[in-house]
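Here is the structure we will look at, set down as structure tokens.
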């Protein structure tokens, strides 16, 4: 199963990072970053097929895929922001991690504005 491969990579990376932290501290962050990147790419590879399936189903049924695209972008921003914030925390930069999370939240709000406007327009059309 794929999940066991991903978890194995996480454990191996964590052990290597801990060992290197005591011997060569400057390499521990690089190992953690590389392991995290490999895991993220592995996960993305597995998620692409279900996303394409949903996209095809929406298109075939005449449903506007614009809203699905906004949701996917928001999800992607959330995951990347969390990944970057964790790296900042691991390197001892908690304040920078908080700024990265704030930037991610603002980016999600900004890309959601067309969706919010569409919902507002629909609600207002019912009132008039």
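The values are calculated or read from the model by the stated rules, or taken from the named source; none is laboratory data. Here the structure is a predicted model, which means the values were calculated and not measured. Here the Cβ is made from the backbone with ideal geometry for all residues, glycine too, and neighbour counts use every protein chain on show.
Does residue 111 fit the bill of being in contact (Cβ under 8 Å) with a residue 40 or more places away in the chain and either outside the structural domain of residue 3 (by TED's automatic domain parsing) or surrounded by fewer than 14 Cβ atoms within 10 Å (Cβ to Cβ) (or both)?
Numbers: in contact (Cβ under 8 Å) with a residue 40 or more places away in the chain: yes; either outside the structural domain of residue 3 (by TED's automatic domain parsing) or surrounded by fewer than 14 Cβ atoms within 10 Å (Cβ to Cβ) (or both): yes.
Yes; evaluated as a whole, the condition is true for this residue.
Quick check on the range 17-31. Is at least one of its residues over 17 Å from residue 91 (Cβ atoms), without any contact (Cβ under 8 Å) to a residue 12 or more places away in the chain and assigned to a helix (DSSP H, G or I)? Spell out the reasoning first.
The first filter runs over the range 17-31 and keeps only residues over 17 Å from residue 91 (Cβ atoms), leaving 19, 23.
Within this subset, residues satisfying the condition of being without any contact (Cβ under 8 Å) to a residue 12 or more places away in the chain are 19, 23.
Next, only the ones that are assigned to a helix (DSSP H, G or I) stay: 19, 23.
Yes; the residues of the range 17-31 include at least one that is over 17 Å from residue 91 (Cβ atoms), without any contact (Cβ under 8 Å) to a residue 12 or more places away in the chain and assigned to a helix (DSSP H, G or I).
The lone criterion from (1) farther than 20 Å from residue 13 by Cβ; (2) outside the structural domain of residue 8 (by TED's automatic domain parsing) left unmet by residue 51 is number (2).
Take residue 43 and decide whether it is touching a helix residue (DSSP H, G or I) at 6+ places or on another chain (Cβ under 8 Å), assigned by TED's automatic domain parsing to the domain that holds residue 5 and modelled with pLDDT under 90. If you could, list the steps in order and put the result at the bottom.
Details: touching a helix residue (DSSP H, G or I) at 6+ places or on another chain (Cβ under 8 Å): yes; assigned by TED's automatic domain parsing to the domain that holds residue 5: yes; modelled with pLDDT under 90: yes.
When the stated conditions are applied, residue 43 passes them.
The set of residues in the range 58-93 being without any contact (Cβ under 8 Å) to a residue 40 or more places away in the chain and either assigned to a loop (DSSP other than H, G, I, E, B) or exposed (fewer than 12 other Cβ atoms within 10 Å of the Cβ) (or both) consists of 60, 61, 62, 63, 64, 65, 92, 93.
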